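The values are calculated or read from the model by the stated rules, or taken from the named source; none is laboratory data. For clarity, every value in this text was computed on a predicted model and none was experimentally measured. Every residue, glycine as well, gets a Cβ built from its backbone with ideal geometry; the counts of neighbours run over all protein chains shown. Heads up: the accessible areas ignore ligands, DNA and RNA and are worked out on the full protein's heavy atoms, side chains in. Shrake-Rupley method; radii C 1.70, N 1.55, O 1.52, S 1.80 Å.
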Amino acid sequence: MIKTYNLLDGGTITATSPEDFVTKLREGSRFDSECTNQEFMQNFARRYRELHGVDIAISSADTFLDSLELAGYII
């Protein structure tokens, strides 16, 4: 199933799965486009906590995506 996600920063990502979402978010990143998806999620969560004081779960692409929705990064 294809789903379009609207990001808080005004961007959009169209993805077929949580893994696809993470890959596309990583590929568009200014910071971590060359690392693995797991490394990207760790780095993203660290930066998000520093900037917003909110913890993002990174145990899987599914939990990462759910956490981003709960945190309001995906609207």
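What the table shows:
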item	result
The chain, accessible area per residue, ligands and nucleic acids excluded (1.4 Å, Å²)	61 Å²
Value at 222 nm in deg cm²/dmol, rounded to 500, when DSSP H runs of n ≥ 4 in the chain each add -39,500 (n - 2.57)	-15500 deg cm²/dmol
Hydrodynamic radius of the chain per Kirkwood, over alpha carbon pairs, in Å	12.2 Å
Percent accessible area from carbon and sulfur atoms, the chain, protein chains only, probe 1.4 Å	51 percent
Amide H partners (placed H, <5 Å) of TYR5, local residues excluded	ILE13, THR14, ALA15
Dipole moment magnitude, nearest 20 debye, the chain about Cα centre, only Lys, Arg, Asp, Glu C-beta charged	160 debye
